[in-house]
Number of protein chains: 2
Amino acid sequence: MDIASLEKLAHLIAGQRIGALGTLREGAPFVSMIAFAPSRDFSRFYIHASRLAYHTQDFLKDPRVGLLITESDRSAVDPQTLARITVRGSIAAVSEGDAEYATARELYLKRFPDSAMTFGLGDFALYSIRPESGRFVAGFGQTFTCTVEDFKRASVHTLPE
Amino acid sequence: MDIASLEKLAHLIAGQRIGALGTLREGAPFVSMIAFAPSRDFSRFYIHASRLAYHTQDFLKDPRVGLLITESDRSAVDPQTLARITVRGSIAAVSEGDAEYATARELYLKRFPDSAMTFGLGDFALYSIRPESGRFVAGFGQTFTCTVEDFKRASVHTLPE
């Protein structure tokens, strides 16, 4: 991927707060909205979810997930030109004993301070989406297949907050 | 569902142009962006897709799909309060000979005039997502399980354009 595309990917991942999570429900695709916080190197996408949520029930049974992050739609543009990344990977719980727990919690709460209260609830937990591959559409006709290394390369191009 | 929630659902479906389509790829969830046009009664969601697209390859093998439509994110709000609808259903091609073809094409092109050129391309076709059930989150803690009849009821509450 060229530098301009890596910058676009970094802007997309760092700039969006919500994504569409795909899980398996009775063997069929189920898509729900999630709020996410990426790790600094974009090799993880953290979510904080209740065990009662449909998607949590789904991925606790089968950890294979899809994640779509899409540039915000603007009515002036052809939606086919919107940047978006489709991530394929798996999801796993981040337990309080895990090395990454404190950082993950910090990154998540920095993005979603309103979620602090849910960290006190017993049915909520942090989960980490681990990308295995991605398909990045930077714009019309500009499509890239990505590895987790490409995500890491893109993370270098994040603008300082 | 109460009238206020039906109005919210109508606003969501009529107001958004893009959604996240969940398909099965090698048995795992795959989520990609699609531009959609709902039928007048919200019992169908039309997309125009290339046979070369990953999602088309997927749903031509297994027609079970998920569709998520989410209210536009605004940084001032807690994303958990955003309205969204998760649709579960199946997808089928709408052929030129089908009774609904002319209307579907018209609805789609009214929303996406830039797509007119792709209607001339051999690998593109119209497809119809047929909702079987839905899960509507109208806001924090306001969740409804919907049938296709609820979609139809909601469509009555669409504001005139």
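The values are calculated or read from the model by the stated rules, or taken from the named source; none is laboratory data. Remember, it's a predicted structure, so these values are computed and weren't measured experimentally. Using ideal geometry, Cβ is built from the backbone for each residue, glycine included, and neighbour counts are taken over all protein chains shown.
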TODO: Taking A:T118 as the residue in question, decide whether it is modelled with pLDDT under 95 and more than 22 Å from B:E71 (Cα to Cα).
DONE: yes
Task: Of all residues in the range A:18-77 being over 15 Å from the mean Cα position of the chain (by Cα) and part of a strand (DSSP E or B), the one that is farthest from the other protein chains (Cβ to nearest Cβ) - done: A:S50
Open item on the list: Could you check the range B:108-130 and list, in sequence order, the residues that are aromatic (F, W, Y) and assigned to a loop (DSSP other than H, G, I, E, B)?
Closed with: B:F112
TODO: Considering every residue within the range A:131-146, establish whether at least one is surrounded by 20 or more Cβ atoms within 10 Å (Cβ to Cβ), free of Cβ contacts under 8 Å to residues at least 60 places away in the same chain and in a loop (DSSP other than H, G, I, E, B).
DONE: no
- [ ] Could you look through the range B:56-71, keep only residues that are over 18 Å from B:R135 (Cα atoms) and of a type outside the set (D, E, K, R), and pick out the one that is surrounded by the most Cβ atoms within 10 Å (Cβ to Cβ)?
- [x] B:F59
- [ ] State the number of residues belonging to the range A:41-69 that are more than 24 Å from A:M117 (Cα to Cα) and of a type in the set (A, V, I, L, M, F, W, C).
- [x] 5
TODO: Find the residue count for the range B:78-115, including only residues that are in contact (Cβ under 8 Å) with a residue 40 or more places away in the chain, more than 13 Å from B:F36 (Cα to Cα), surrounded by fewer than 19 Cβ atoms within 10 Å (Cβ to Cβ) and within 14 Å of chain A (Cβ to nearest Cβ).
DONE: 4
Open item on the list: Scan the range A:95-103 and tell me whether some residue there is of a type in the set (A, V, I, L, M), within 22 Å of A:D41 (Cβ to Cβ) and assigned to a helix (DSSP H, G or I).
Closed with: yes
